[in-house]
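Undergrad: Dumping the structure here so I can ask a few things about it.
The values are calculated or read from the model by the stated rules, or taken from the named source; none is laboratory data. All figures in this text were calculated on a predicted structure; none of them were measured in a lab. Quick reminder, even Gly has a Cβ in these numbers, built from the backbone with ideal geometry, and neighbours come from all protein chains shown. When the accessible area is computed, the model is the full protein with side chains, heavy atoms only, and any ligands, DNA or RNA have been set aside. Shrake-Rupley method; radii C 1.70, N 1.55, O 1.52, S 1.80 Å.
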Amino acid sequence: MITLKRNDEIALMREAGWRLAEVLALLAEAVRPGMTTDDLDRIANREIRRRQSYPGFLGYDGFPKHLCVSVEEEVVHGIPGPRELRPGDLVSLDCGLIYKGWWADAGLTVACGQADPEGARLIEVTRQALDRGIQMALPGNRLGDIGAAVQQHVEAQGYSIVRGYTGHGIGRDMHEDPEVPNFGRPGRGLEIKPGLCLAIEPIVNEGQAATLIRPDRWTVVTADGRRSCYFEHTLAVTAEGPLVLTALPGVAG
Ligand code: MG
Ligand code: MG
């Protein structure tokens, strides 16, 4: 079932989103060679709880940590652990929190230290794809307009869209209806209305789109071993257009 949020509910989700934006900014700054993905997980847990929020990933479908960290060929859902970050690694950070009963879900990919040119381009194209998708989250548009905008941008740059994992509605739960695919056809799918809150999250592979799941049953990796990249924001659709909830106050998404 799709729930449209009232303005007072969106205001609370915005407070959740601001908190998550701060946590993600700290995590992105913290990434450096020699640290482990577990070090990032500890920062996430500490900084979320400091903001009167709960690290909603912990225990979600049995997930054992507070943050997903996916490095290089890892696509999404990487479990923090002893993996040491190396210079130039692409590090995807996916984080969620619950504040006063409302979810925020967001993430980004950063290079560890200096990115190589190909890595920098993959990051930039994926970030742009998220922006293109957000811009289509307008009343009267349809979900297919979001997916088509993301897909067209990514494929025009020679990269591929991972299809098995999608964005989603969000609110009282992290994953609500509808699913928000990163591909589609303009004018197709659910009509977008004010009050709809969505997490849009393009997942982009350098090589082929196919993925596998590691024996840990969580970590998704590219089938061809090449790199992957991801960006995500939670937004609310308003009569005026998309309001990004997981950007820092005063900073556009
Ligand atoms: Mg997420
Ligand atoms: Mg999400």
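Undergrad: GNM on the chain, C-alpha springs below 10 Å: top fluctuator among Thr222, Thr234, Thr126?
TA: Thr222
Undergrad: Quick one, can you get me the convex hull of the C-alpha atoms of the range 40-145 expressed as volume per residue in Å³? The partial results should precede the final answer.
TA: On the way: hull volume 14.8 nm³, N = 106.
In the range 40-145, the Cα hull volume divided by residue count equals 140 Å³.
Undergrad: Let's see if you can work this out: charge +1 on each Lys and Arg Cβ, -1 on each Asp and Glu Cβ, no other charges. What is the dipole magnitude of the range 191-253 about its Cα centre, in debye to the nearest 20? Walk me through the intermediate numbers first.
TA: Working: 5 positive and 7 negative charges, 40 e Å.
Dipole magnitude for the range 191-253 comes out near 200 debye.
Undergrad: Counting helices only, and only those DSSP H runs with n ≥ 4, report the 222 nm mean residue ellipticity of the chain as the sum of -39,500 (n - 2.57) divided by its residues, in deg cm²/dmol to the nearest 500. Present the calculation step by step, with values, prior to reporting the outcome.
TA: On the way: 4 runs with 71 residues, N = 253.
One gets -9500 deg cm²/dmol as the mean residue ellipticity at 222 nm.
Undergrad: In whole Hz, with x marking every Gly and Pro, tabulate ³J(HN,Hα) for the range 200-210 from phi via Karplus 6.51 cos²θ - 1.76 cosθ + 1.60, θ = phi - 60°.
TA: Taking θ as phi minus 60°, the curve returns 9, 8, x, 10, 10, 9, 5, x, 6, 6, 5 Hz for the range 200-210.
Undergrad: Once the other residues with Cβ under 15 Å from the Cβ of Gly147 are scored (Lys, Arg +1; Asp, Glu -1), what is the net sum?
TA: Working: positive: Arg132, Arg142, Arg163, Arg185, Arg188; negative: Asp131, Asp145, Glu155, Glu179, Glu191, Glu201, Glu232.
Charge balance near Gly147 sits at -2.
Undergrad: Highest first, please rank the peptides 42-48, 158-164 by the mean number of other Cβ atoms sitting within 10 Å of their residues.
TA: 42-48, 158-164
Undergrad: List the pair-distance distribution P(r) of the chain, using every Cα-Cα distance, as the percent of pairs falling in each 5 Å bin from 0 up to the bin containing the longest distance, rounded to whole percents.
TA: The percentages, shortest bin first, are 1, 7, 15, 19, 20, 18, 12, 6, 2, 0.
Undergrad: Still on this structure, I have one more. When only C-alpha pairs under 8 Å and at least 6 residues apart count, what is the relative contact order of the chain, in percent? Mind dumping the intermediate values first?
TA: On the way: 665 pairs, mean separation 58.1, N = 253.
Across the chain, relative contact order equals 23 percent.
Undergrad: Now for a different question. Tally up the carbon and sulfur contribution to the accessible surface of the range 151-241 as a whole percent, 1.4 Å probe, everything protein left in place. Don't skip to the answer; put the middle values down first.
TA: On the way: 1920 of 3980 Å².
The computed percentage sits at 48.
Undergrad: Tell me which residues come under 5 Å, amide H to amide H, from Gly81 once H is placed; ignore anything under 5 positions away on its chain.
TA: Thr37, Asp38
Undergrad: Quick check on the range 202-253: take the gyration tensor over C-alpha atoms, sort the square-rooted eigenvalues as a ≥ b ≥ c, and tell me if it's rounded (a/c under 1.5), prolate or oblate.
TA: Details: a/c = 3.13, a/b = 2.67, b/c = 1.17.
It is prolate, given that a/c is not under 1.5 and a/b is the larger ratio.
Undergrad: What are the ³J(HN,Hα) couplings of the range 113-129, residue after residue, when phi is run through the Karplus curve with 6.51, -1.76, 1.60 and θ = phi - 60°? Round to Hz, x for glycine and proline.
TA: x, 7, 7, 6, x, 5, x, 4, 5, 4, 4, 5, 5, 5, 4, 5, 4
Undergrad: Looking at the square roots a ≥ b ≥ c of the eigenvalues of the Cα gyration tensor of the range 137-192, which shape do they give, rounded for a/c under 1.5, prolate if a/b is larger than b/c, or oblate? Intermediate results must be reported in sequence, preceding the final value.
TA: Working: a/c = 2.64, a/b = 1.37, b/c = 1.93.
Cα axes put the range 137-192 in the oblate bin.
Undergrad: Just the number please: accessible area per residue for the chain, 1.4 Å probe, all protein chains included, in Å².
TA: On the way: 10710 Å² over 253 residues.
Averaged over the residues of the chain, the accessible area is 42 Å².
Undergrad: Further, regarding this structure: HN-Hα J couplings of the range 63-76 from phi, Karplus 6.51/-1.76/1.60, θ = phi - 60°, integer Hz, Gly and Pro as x?
TA: Residue by residue, the range 63-76 yields 4, x, 10, 9, 7, 9, 10, 10, 10, 6, 6, 6, 9, 8 Hz.
Undergrad: In addition: Is the C-alpha gyration tensor of the range 176-236 telling us rounded, prolate or oblate? Criteria: a/c under 1.5 is rounded; beyond that, a/b larger than b/c is prolate, otherwise oblate.
TA: On the way: a/c = 2.58, a/b = 1.98, b/c = 1.30.
Prolate, because a/c is 1.5 or more and a/b exceeds b/c.
Undergrad: Follow-up. What is the magnitude of the charge dipole of the range 7-244 about its Cα centre, with +1 placed on the Cβ of each Lys and Arg, -1 on the Cβ of each Asp and Glu, and no other charges, expressed in debye to the nearest 20?
TA: Numbers: 25 positive and 34 negative charges, 43 e Å.
Using Cβ point charges on Lys, Arg, Asp and Glu, the range 7-244 gives about 200 debye.
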